[in-house]
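Worksheet: one structure, shown below.
None of the figures in this text is laboratory data; all of them are computed from the coordinates on show. Because the structure is predicted, anything quoted here is derived from the model rather than measured. Note: ideal-geometry Cβ built from the backbone for every residue, glycine included; neighbour counts use all protein chains shown.
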Amino acid sequence: MSKKTQEELMRLAHEDLDFLCSPESRSTRMKLEFDRVDRGMKDINTTVTVFGSARINDGPEYDLVKETCRLIAARGSDADDVILTGGGPGIMQAANHGAYLAGRKNAGISIELPFEQVINEYCSEDLVFQCKYFSVRKFMMTLRARAIIGCVGGLGTIEEITEVLTLKQTGILQNIPIILLNANFWRDVLPLHKMLEYRTISYADLDLFRLVNRPEQVLEILYP
């Protein structure tokens with residue numbers, strides 16, 4: 001290993017890219033990622049965060065989410081109840097698309113993946129962010145959430161929804177409605193009755209979320 005030059009030894013820490021990209025600086029990178037997104041969203045008071053599949057790019061499910069988010073955005077503003085997604089294609093795009101049709105700003109927090117994930121065209125240009133760490137991304141997607149909507153999705157969506165359900169169950173997320181859109185899908189992929197049989201949850205835990213099928217039902221929950 002070659003010796004460090006005098007210039008390298010005297011380099012300030014924040015100018016040393018080798019150090020900043022090293023394993024020892026991982027916690028610093030995570031904080032920087034948090035601070036960067038937080039600053040970019042400083043003018044947003046509340047979000048309605050939408051989780052869903054990247055693989056459904058058209059059809060009834062896409063249209064359902066698009067219309068739901070259009071109606072929510074029309075009731076909100078550019079600072080309140082801002083539609084927030086993972087910024088990608090599929091259901092995420094449908095949600096951003098709906099807000100776009102309502103003429104409202106909307107946000108997308110994408111994630112760096114081994115395969116390409118393109119930011120969908122409907123995200124507001126000044127509210128698009130890229131994260132490396134899933135934990136930071138999920139934290140930022142719930143930080144300002146006034147409500148969370150779970151749509152049809154795969155493993156990532158299931159993980160996101162079960163995590164926020166756990167946070168609500170443990171009292172960390174309080175008074176935040178968790179709305180699961182497409183009741184049949186969620187009954188199939190999240191069979192909580194089996195957990196009841198095994199006594200790993202209580203009947204009260206069934207009140208942690210609401211199952212709905214129509215945009216109007218979502219609005220009734222958000223704007224009673």
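Computed from backbone phi with θ = phi - 60° and the Karplus coefficients 6.51, -1.76 and 1.60, the 3J(HN,Hα) list for segment 160-167 is 5, 5, 5, 5, 5, 5, 5, 5 Hz; x is used for glycine and proline.
Computed from the Cβ-Cβ distance with R0 of 30 Å, the FRET efficiency linking Leu113 to Thr46 stands at 0.60. Compared with the dominant principal axis of the Cα atoms in the chain, helix 134-143 is inclined by about 50°. For a Förster distance of 35 Å, can you work out the FRET efficiency between the beta-carbons of Asn213 and Asp78, rounded to the nearest 0.05? It comes to 0.75.
Taking every lysine pair in the chain that is 8 or more places apart or spans two chains, those with Cα atoms closer than 23 Å amount to 11.
Centroid-to-centroid, using Cα positions, segment 143-180 and segment 62-112 are 17 Å apart.
Considering only the other residues whose Cβ falls under 13 Å of the Cβ of Thr170, what net charge follows from Lys and Arg at +1 and Asp and Glu at -1? Each step should come with its number before you reach the end.
On the way: positive: Lys168; negative: Glu163, Asp205.
Overall, the nearby charge balance is -1.
In terms of surrounding Cβ atoms within a 10 Å radius of their Cβ, Cys123, Cys21 rank from fewest to most as Cys21, Cys123.
With all distinct Cα pairs included, what does the Kirkwood hydrodynamic radius of the chain come out to in Å, to one decimal, could you say? Kindly include the intermediate steps, with their values, before the conclusion.
Details: mean 1/r = 0.0535 Å⁻¹.
When all Cα pairs of the chain are included, the Kirkwood radius is 18.7 Å.
Working from Cα pairs under 8 Å separated by at least six residues, relative contact order for segment 44-222 is 23 percent.
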